[in-house]
Amino acid sequence: MMVSATVETLTHRTLKWLEQRGVIERLSPQIPETQHSFQAQTALTFLTSSWFVLLIVMHPAVLSRLLALAKPRFDVLEIAYSCYVGVVAHDLWFFLIHSQLHRIKWLYRWVHITHHRNMGDLNVFGTADMDPFEAVAMVFSFYAATLLWGAYVVGSWNPWAYTALILLEANMNMMGHCGYRQPLWLAMIQSWGICLTPGVAHAKTHYIHHLDPRMNRALYFSWCP
Ligand SMILES: [Zn+2]
Ligand SMILES: [Zn+2]
């Protein structure tokens, strides 16, 4: 949680600094930002939902298998490939669950509406501003599944690649919530180059979803409405 608060604060300050120098501009400059600090809802969400992964990972049988099968290799090509496959898999996971949070009206009213309090005033502090149930369903369950896949299906897992995937997910998620029109060089930094892929989501893609929830229900790509 402290890492998330620090990263969001640093990212927000950097983007604000670039805006003040005329390098970037808000997607909707006429709509002022209304949230300028790490949110209580984000803290609550981390505290009440991250235990889900720990509960699975800390099970003695799972933990001993994970430790035995961990193969830390700082191989840039392997890490890049794993991140790309992970991003595509997470996008499908995210899209399927996110769509249900919109299609099933009571789920939207009780769960997903928390995240959609952020509209045109969106900034990076809205990234993890969500209901804890949503965080478990769309993010932490994927992290747990990825670890279990490595331990029980593949037979090994690379802690470097796993950490890189989490960092990339957080970075691209912040990009989708920053509220800025991003030049290519900035998108390249934030997406680690994935922004060059045809059909990839840009800062505007998820911003549009916050303005019109019928649009862009995936996270990293714009392959589905
Ligand atoms: Zn969002
Ligand atoms: Zn939504």
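In this structure, is residue 92 within 15 Å of the chain's Cα centre (by Cα), modelled with pLDDT of 90 or more and either in a helix (DSSP H, G or I) or among the hydroxyl-bearing types (Ser, Thr, Tyr) (or both)?
Values: within 15 Å of the chain's Cα centre (by Cα): yes; modelled with pLDDT of 90 or more: yes; either in a helix (DSSP H, G or I) or among the hydroxyl-bearing types (Ser, Thr, Tyr) (or both): yes.
Judged against the criteria, residue 92 is a match.
Scan 87, 136 and give me the residue that is away from ligand 1 (no atom under 16 Å from the Cβ), part of a helix (DSSP H, G or I), in contact (Cβ under 8 Å) with a residue 24 or more places away in the chain and under 24 Å from residue 14 (Cβ atoms). Give the steps one after another, and end with the answer.
Working: 136 fails: under 24 Å from residue 14 (Cβ atoms).
Sole residue among the options that is away from ligand 1 (no atom under 16 Å from the Cβ), part of a helix (DSSP H, G or I), in contact (Cβ under 8 Å) with a residue 24 or more places away in the chain and under 24 Å from residue 14 (Cβ atoms): 87.
Does any residue of the range 200-208 turn out to be in contact with a Leu (Cβ under 8 Å, 6 or more places away or on another chain), without any contact (Cβ under 8 Å) to a residue 40 or more places away in the chain and more than 21 Å from residue 113 (Cβ to Cβ)? Even if it seems obvious, please write down each step before you answer.
Residues of the range 200-208 in contact with a Leu (Cβ under 8 Å, 6 or more places away or on another chain): 201, 203-204, 206-207.
Then keep just the ones that are without any contact (Cβ under 8 Å) to a residue 40 or more places away in the chain; that gives 201, 206.
Keeping just the survivors that are more than 21 Å from residue 113 (Cβ to Cβ) gives 201.
Yes: the range 200-208 contains one or more residues that are in contact with a Leu (Cβ under 8 Å, 6 or more places away or on another chain), without any contact (Cβ under 8 Å) to a residue 40 or more places away in the chain and more than 21 Å from residue 113 (Cβ to Cβ).
I'm checking my understanding of the structure. Among residues of the range 82-124 that are aliphatic (A, V, I, L, M) and in contact with a helix residue (DSSP H, G or I) (Cβ under 6 Å, 6 or more places away or on another chain), which one is surrounded by the most Cβ atoms within 10 Å (Cβ to Cβ)? Talk me through it step by step, then tell me what you get.
Going residue by residue through the range 82-124, those that are aliphatic (A, V, I, L, M) are 85, 87-89, 92, 96-97, 101, 104, 107, 111, 113, 119, 122, 124.
Still in the running and in contact with a helix residue (DSSP H, G or I) (Cβ under 6 Å, 6 or more places away or on another chain): 97, 101, 107, 111, 119, 122, 124.
Numbers: 97: 18, 101: 23, 107: 18, 111: 17, 119: 15, 122: 29, 124: 25.
By that ranking, first place goes to 122.
Restricting to the range 67-106, count the residues that are within 16 Å of ligand 2 (Cβ to nearest atom) and among the acidic types (Asp, Glu).
Looking only at that region, the number is 1.
Could you list, in sequence order, the residues of the range 185-198 that are farther than 19 Å from residue 81 by Cβ and within 18 Å of the chain's Cα centre (by Cα)?
Applying the first criterion (farther than 19 Å from residue 81 by Cβ) to the range 185-198 yields 185-187, 189-190.
Those that are farther than 19 Å from residue 81 by Cβ and within 18 Å of the chain's Cα centre (by Cα): 186, 187, 189, 190.
The values are calculated or read from the model by the stated rules, or taken from the named source; none is laboratory data. Keep in mind the model is a prediction, meaning the values are calculated, not measured. So basically every Cβ, Gly included, is an ideal-geometry build from the backbone, and we count neighbours across all protein chains shown.
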